[in-house]
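Inspection log for the structure reproduced underneath, given as structure tokens.
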């Protein structure tokens, strides 16, 4: 059964086998079949407002650079010089002051990727600078958020995120406030599956449980997007809306902003969470409360995900049953991964 055909039936559904969490061969296959063909949240237009502003990143192990051009467009390229593979930028962010210059031999590129000068290269028959522009990377925007994809045949990001347009709230359209990062010693799928259900909230997150009514926590799959709803309590921090986009993007809605989450698979048993907070600048006190609760919840999730990884590695776990009441989205994700990895359902 494919993920597109995924529906709960009266048949018991079991989780993925332990060996798919942390296996180097599986991780390499995921890079090829999942990460290299999926939209990746890079940042927001407000994070690169001026011509020459750039952001670097890695997409399925490929280094990329996004740069704001003179006409305001955000262009994406591989962060690889066409000469001998030198880096165009080594900083996470910055401004390239009108042109992109390779850090190795100084080849100079326009902000639209054209090779301006093969610095001190010399004259040789057959070398035409017009043939050596930067290799482009597909870049699209949604609500000011910038996404990149190595797959030119992928559906547009706006089409993929259409389910979020249906639930997005005006209070979440706020300027960029800050970035936080967290490291987790677990396979990325362990964290994603934790993110995809609210079944654990009453047991694992007492502070979050005080902020929302977890007894009415619901998750619905709409295409490749999971939409979470839970009624917020009065004077709460959260607005009761969360979401996840296959495979590596999440968002947490707050009363006065949003946290956009970049899930980065670093290695088979290592995951990095990058939180991009967007918040109403007139609500500084609420921002502090949001960060405090976010940090508490994240620490609880990290501790549990790391313990789950230890238990998966122990050899003691046999695939358990998924709850039809709480884990339909986990079932969808696992069906999707089975399809990508060629794992038969059992």
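The values are calculated or read from the model by the stated rules, or taken from the named source; none is laboratory data. Because the structure is a prediction, the values reported are computed rather than measured. Note: ideal-geometry Cβ built from the backbone for every residue, glycine included; neighbour counts use all protein chains shown.
Please verify whether residue 145 is under 17 Å from the mean Cα position of the chain (by Cα) and either closer than 22 Å to residue 249 by Cα or crowded, with 18+ Cβ neighbours inside 10 Å (or both), treating the condition exactly as stated. It is true that residue 145 is under 17 Å from the mean Cα position of the chain (by Cα) and either closer than 22 Å to residue 249 by Cα or crowded, with 18+ Cβ neighbours inside 10 Å (or both). Within the range 235-250, the set of residues being more than 21 Å from residue 27 (Cβ to Cβ), free of Cβ contacts under 8 Å to residues at least 60 places away in the same chain and in a strand (DSSP E or B) comprises 238, 240, 242.
Matching residues to (1) under 30 Å from residue 282 (Cα atoms); (2) crowded, with 18+ Cβ neighbours inside 10 Å; (3) modelled with pLDDT under 95:
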position: 151; (1), (2), (3): no, no, no
position: 173; (1), (2), (3): yes, no, yes
position: 182; (1), (2), (3): yes, no, no
position: 186; (1), (2), (3): no, yes, no
position: 204; (1), (2), (3): no, no, no
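Hey, could you check the range 122-137 for residues that are in contact (Cβ under 8 Å) with a residue 12 or more places away in the chain and over 29 Å from the mean Cα position of the chain (by Cα) and say which is farthest from residue 148 (Cα to Cα)? Looking at the filtered set, the residue picked out is 129. Among the residues of the range 273-290, what is the count of those that are at pLDDT 90 or above and touching a helix residue (DSSP H, G or I) at 6+ places or on another chain (Cβ under 9 Å)? The number of residues fulfilling the criteria is 6. Evaluate the range 319-329: report whether one residue or more is buried (at least 17 other Cβ atoms within 10 Å of the Cβ), assigned to a helix (DSSP H, G or I), assigned by TED's automatic domain parsing to the domain that holds residue 168 and in contact (Cβ under 8 Å) with a residue 60 or more places away in the chain. Yes; the residues of the range 319-329 include at least one that is buried (at least 17 other Cβ atoms within 10 Å of the Cβ), assigned to a helix (DSSP H, G or I), assigned by TED's automatic domain parsing to the domain that holds residue 168 and in contact (Cβ under 8 Å) with a residue 60 or more places away in the chain. Just for the range 216-234: of the residues that are within 19 Å of the chain's Cα centre (by Cα) and in a loop (DSSP other than H, G, I, E, B), which one is farthest from residue 279 (Cα to Cα)? The residue in question is 223.
Selection of the range 59-79 for residues being more than 17 Å from residue 116 (Cβ to Cβ) and in contact with a strand residue (DSSP E or B) (Cβ under 7 Å, 6 or more places away or on another chain) yields 59, 62, 63, 64, 66, 68, 74, 76, 78, 79.
The requirement of being free of Cβ contacts under 8 Å to residues at least 60 places away in the same chain and out of contact with any strand residue (DSSP E or B) (no Cβ under 7 Å at 6 or more places or on another chain) is fulfilled somewhere in the range 181-202, by at least one residue.
A count restricted to the range 66-82 and to residues that are crowded, with 22+ Cβ neighbours inside 10 Å and either more than 12 Å from residue 146 (Cβ to Cβ) or assigned by TED's automatic domain parsing to the domain that holds residue 266 (or both) stands at 3. Just a yes or no: is a residue in the range 35-57 more than 29 Å from residue 189 (Cβ to Cβ), crowded, with 19+ Cβ neighbours inside 10 Å and more than 22 Å from the chain's Cα centre (by Cα)? No, every residue in the range 35-57 fails to be more than 29 Å from residue 189 (Cβ to Cβ), crowded, with 19+ Cβ neighbours inside 10 Å and more than 22 Å from the chain's Cα centre (by Cα). Evaluate the range 291-309: report whether one residue or more is touching a helix residue (DSSP H, G or I) at 6+ places or on another chain (Cβ under 8 Å), modelled with pLDDT of 95 or more, more than 29 Å from residue 60 (Cα to Cα) and surrounded by fewer than 19 Cβ atoms within 10 Å (Cβ to Cβ). Yes, that holds for at least one residue.
Out of the range 206-215, which residues are part of a helix (DSSP H, G or I) and surrounded by 15 or more Cβ atoms within 10 Å (Cβ to Cβ)? Before you say what the answer is, go through the steps one by one.
Going through the range 206-215, the residues part of a helix (DSSP H, G or I) turn out to be 206-211, 214-215.
Once the filter is applied, which keeps residues that are part of a helix (DSSP H, G or I) and surrounded by 15 or more Cβ atoms within 10 Å (Cβ to Cβ), the range 206-215 yields 208, 209, 211, 214.
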